[in-house]
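The values are calculated or read from the model by the stated rules, or taken from the named source; none is laboratory data. If you're wondering where the values come from, they're calculated on a predicted model, not measured in any experiment. No Cβ is skipped: glycine too gets one built from the backbone with ideal geometry, and neighbour counts run over all protein chains shown. Only protein heavy atoms, including side chains, enter the accessible area calculation; ligands, DNA and RNA are left aside. Shrake-Rupley method; radii C 1.70, N 1.55, O 1.52, S 1.80 Å.
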Amino acid sequence: MDNVLVDFQSGLAKVAKDVKAQYADDGTGKPHYDDIPGLFALMEPMAGAIQAVHELEKHYELYILSTAPWNNPSAWADKVAWVSKYLDDVFHKRLFITHRKDLCIGDYLIDDRPKHGACNFSGEWIQFGSTQFPDWESVLRYLIPGKD
């Protein structure tokens, strides 16, 4: 979901500076903003994502395969709430939250990072945001033959 269907930065931009400061260092010098409670409920859809999903559902059986931060239980519920708000007509009870995407079976996985087994997915991994697939239009052209 993150940075594929939902714009992570749009949610982070809505978080107060003092809250962000609390999550600016995870002890190793790296921020852990994904642990901010309620953050995932604040995110907006990625440009073109909603329309692309509705186009893809005409050709494919769709599911969401997402990872949620282990130390942020609200993220799990927030992801379900986000799907219900924006895409419940497509993904009602079709959301899988896992840290092992490589254990899932499918033809395609659209994901922005190789983490959590995405690069070892049983089908074809489409790396969203890459040079080949920078946006939803490029994904649609690839997955729907004749799409211009």
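What FRET efficiency do you get for S130 and Q9 if R0 is 22 Å and r is their Cβ-Cβ distance, rounded to the nearest 0.05? Intermediate results must be reported in sequence, preceding the final value.
Numbers: r = 18 Å, r/R0 = 0.82.
Calculated value: 0.75.
Largest first, what is the accessible-area ranking of I64, I97 with a 1.4 Å probe?
I97, I64
Could you tell me the accessible area of V4 in Å² (1.4 Å probe, neighbours in place), rounded to the nearest ten?
Looks like 10 Å² after rounding.
Please work out the FRET efficiency for the pair V90 and W70, using the Cβ-Cβ distance as r and a Förster radius of 25 Å; give the result to the nearest 0.05.
Details: r = 27 Å, r/R0 = 1.08.
Between V90 and W70 the formula returns 0.40.
Can you pull the semi-axes for region 97-148, root of five times each eigenvalue of the Cα gyration tensor, sorted largest first, whole Å?
Values: eigenvalues 93, 29, 10 Å².
Its equivalent ellipsoid spans semi-axes of 22, 12, 7 Å.
What are the radius of gyration and Dmax of region 41-97, computed over its Cα atoms and given in Å?
Expressed in Å, the Cα Rg and Dmax of region 41-97 come to 11.7, 37.
Would you list T131, T28 from the most to the least accessible area, probe 1.4 Å?
On the way: T131 140, T28 100 Å².
So the residues, ranked largest to smallest area, are T131, T28.
Which residues make up the longest stretch of the chain clear of trypsin sites (Lys or Arg not before Pro) that lie in a DSSP loop with no more than 16 other Cβ atoms within 10 Å, not counting the sites?
Values: sites that count: K14, K58, K93, R94, R100, K147.
Longest stretch, sites excluded: 101-146.
When the solvent-accessible surface of protein heavy atoms is calculated with a 1.4 angstrom probe, in what order do H99, H32 fall, highest first?
H99, H32
Pop a pseudo-label 7 angstrom from the Cα along the beta-carbon direction at both R113 and R141 and give the gap in nm to one decimal.
Placing both labels 7 Å along Cα→Cβ, they lie 2.8 nm apart.
Below 8 Å, C-alpha to C-alpha, sequence gap of six or more: please give me the relative contact order for region 35-106 in percent.
On the way: 67 pairs, mean separation 30.1, N = 72.
About 42 percent, as a whole number.
Once each part is reduced to its C-alpha centroid, what is the distance from region 1-44 to region 88-105 in angstrom?
Using only Cα atoms, the two centres lie 22 Å from each other.
Could you work out the helix-only [θ] at 222 nm for the chain, with each DSSP H run of four or more residues adding -39,500 (n - 2.57) and the total divided by the number of residues, to the nearest 500 deg cm²/dmol?
-9000 deg cm²/dmol, from helical runs alone.
So how much accessible area does W125 have, in Å² to the nearest 10, using a 1.4 Å probe?
Near enough 70 Å² of accessible area.
Considering only protein heavy atoms, what is the solvent-accessible area of I50 at a probe of 1.4 Å, reported in Å² to the nearest 10?
Rounded to the nearest 10, the figure is 40 Å².
With no solvent and one equal point scatterer placed on each C-alpha of region 1-52, evaluate the Debye formula and give log10 I(q)/I(0) for q = 0.21, 0.22, 0.25, 0.26 Å⁻¹, two decimals.
Calculated log10 I(q)/I(0) at the listed q: -0.73, -0.78, -0.91, -0.95.
Between A21 and E57, what is 0.36 nm times their sequence separation minus the Cα-Cα distance? Round to one decimal in nm. Provide the component values of the computation, followed by the final result.
Values: separation 36, 0.36 × 36 = 12.96 nm, distance 4.03 nm.
Gain on stretching A21 to E57: 8.9 nm.
Can you give me the relative contact order of region 5-44 as a percent, contacts being Cα pairs under 8 Å and 6 or more apart?
On the way: 39 pairs, mean separation 22.6, N = 40.
Relative contact order here is 56 percent.
Restricting to Cα pairs below 8 Å that are 6+ residues apart, what does the relative contact order work out to for the chain? Please round to a whole percent. List each step's numbers first, then the result.
Values: 218 pairs, mean separation 30.3, N = 148.
So the answer I get is 20 percent.
Mind checking which aspartates and glutamates have their C-alpha under 17 Å from K101, skipping anything on the same chain fewer than 8 residues away?
Those aspartates and glutamates meeting the cut-off are D2, D111, D112, E124.
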